[in-house]
């Protein structure tokens, strides 16, 4: 059974993942440099990098899908003279 996401939530998920991942990764790097040790901040950095990768992959997959979609091809064919 699939979950239904409202359109605005569906569109914003990869951007939120990129933002949260970037904040987590940068914060953990800065804190670990200031403290001089990694500790639990290494997990936060890993989670941030994982979220960055997830967001980027989702955006790339959506872009490729839209380029190869039959709906995009039909719209492109209609514009040809």
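The values are calculated or read from the model by the stated rules, or taken from the named source; none is laboratory data. Quick caveat, the model's predicted, so the values are computed rather than measured. Heads up, the Cβs are rebuilt from the backbone with ideal geometry, glycines too, and the neighbour counts pull from every protein chain shown.
Figures for the structure shown
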{"item": "Meets criteria (within 21 Å of the chain's Cα centre (by Cα), touching a residue at least 40 places away in the same chain (Cβ under 8 Å) and assigned to a helix (DSSP H, G or I)) for residue 65", "result": "no"}
{"item": "Contacts under 7 angstrom Cβ, first residue in region 15-41 being farther than 12 Å from residue 54 by Cβ, partner assigned to a loop (DSSP other than H, G, I, E, B), 6 or more apart", "result": "32/38"}
{"item": "Single match in 57, 20, 44 (criterion: within 25 Å of residue 9 (Cα to Cα), in a helix (DSSP H, G or I), at pLDDT 90 or above and more than 15 Å from the chain's Cα centre (by Cα))", "result": "44"}
{"item": "Within region 1-39, tally of residues that are on the phi > 0 side of the Ramachandran plot and in contact with a helix residue (DSSP H, G or I) (Cβ under 9 Å, 6 or more places away or on another chain)", "result": "1"}
